[in-house]
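Before I ask anything, let me first share the structure, which is written out below as C-alpha cells.
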Amino acid sequence: MRSQNSHLIYFSPGGTTEIMVKTVGKIIAYKNHYHNLLRTHPPKNLIPNDDLAIVGMPVYGGKLPTIARQRLEQFRGENTPVIALVSYGNRAYDNALLEIKNILTSQGFTVLGAGAFIAQHAIFSHSCFGKT
C-alpha cells in the first residue's frame, strides 16, 4: 500500500544520500515533501501520523554528522511511521542505524524499517583531482 504523502528528510553533502532517499520516496508515496537539512535549517516541524517520513543520513567515521543530528531533532512525529536509511562509504556504518532509530523514536516516530547502503562519500568527485 502506498502512502499518500511522505516527508523526505535528508542530509547529503555528497548528493548520494539525497538520491537514495528520493528513490525510495518515488516508490512509496504519491506526493513527496522535501526537507534538505544541508540547505535549510528547519523550523520545528510536526509530521502527522497519517503521513510517512523517510529519513536519510550519511555516516562518517561510524557516526551521523553532529549538524545533521541537530537538524533532525527539530522534527516531531505523532507516532508517525518512518523508514530510516543511512549511507556509508569506505568504512563500516557501526551503530549508525541504532543512532538514527533512537533519535527518531525520541521525537515521536515509529520506525517501520531501516537500511544501510553503500554510496560514494566524497564531496568532490574523482574528476576534480585530475587524471590518474
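The values are calculated or read from the model by the stated rules, or taken from the named source; none is laboratory data. All of these numbers come straight from a predicted model, not from anything done at the bench. When we count neighbours, we look across all protein chains shown, and the Cβ atoms used for this are built from the backbone with ideal geometry, even at glycine. Note: areas computed on protein heavy atoms with side chains; ligands, DNA, RNA excluded. Shrake-Rupley method; radii C 1.70, N 1.55, O 1.52, S 1.80 Å.
Can you pull out every residue in segment 10-30 that is in contact (Cβ under 8 Å) with a residue 12 or more places away in the chain and either of a type outside the set (A, V, I, L, M, F, W, C) or farther than 16 Å from residue 116 by Cα (or both)?
Residues satisfying the conditions are 10, 12, 13, 14, 16, 17, 18, 22, 25, 28, 29, 30.
Something else: Scanning for something modelled with pLDDT under 95, small (Gly, Ala, Ser), assigned to a loop (DSSP other than H, G, I, E, B) and open to solvent by less than 30 Å² (accessible area, probe 1.4 Å), does segment 100-123 turn up at least one residue?
Within segment 100-123, one or more residues are modelled with pLDDT under 95, small (Gly, Ala, Ser), assigned to a loop (DSSP other than H, G, I, E, B) and open to solvent by less than 30 Å² (accessible area, probe 1.4 Å).
Exactly one condition in (1) at negative phi; (2) surrounded by fewer than 18 Cβ atoms within 10 Å (Cβ to Cβ) is not met by residue 7; state its number.
Going through the list (1) at negative phi; (2) surrounded by fewer than 18 Cβ atoms within 10 Å (Cβ to Cβ), residue 7 breaks only (2).
Let me ask something else about it. Check whether at least one residue in segment 50-68 is within 20 Å of residue 111 (Cβ to Cβ), free of Cβ contacts under 8 Å to residues at least 24 places away in the same chain and not in a strand (DSSP E or B), and report yes or no.
No, there is no match, as no residue in segment 50-68 is within 20 Å of residue 111 (Cβ to Cβ), free of Cβ contacts under 8 Å to residues at least 24 places away in the same chain and not in a strand (DSSP E or B).
For segment 69-99, give me each residue that is open to solvent by 70 Å² or more (accessible area, probe 1.4 Å) and either under 15 Å from residue 7 (Cα atoms) or not in a helix (DSSP H, G or I) (or both).
76, 78, 79, 90, 91, 93, 94, 95
Sort through 46, 85 and tell me the only one that's in contact with a strand residue (DSSP E or B) (Cβ under 7 Å, 6 or more places away or on another chain), touching a residue at least 12 places away in the same chain (Cβ under 8 Å), hydrophobic (A, V, I, L, M, F, W, C) and closer than 16 Å to residue 120 by Cα.
Criteria check complete, one pass: 85.
Oh, and also: Among the listed residues 61, 56, 25, identify the single one that is open to solvent by less than 70 Å² (accessible area, probe 1.4 Å) and at pLDDT below 90.
Of 61, 56, 25, the one residue that is open to solvent by less than 70 Å² (accessible area, probe 1.4 Å) and at pLDDT below 90 is 61.
Of the conditions (1) over 24 Å from residue 49 (Cα atoms); (2) modelled with pLDDT of 95 or more, residue 131 satisfies every one except a single condition; which number is it?
Just one mismatch for residue 131, condition (2).
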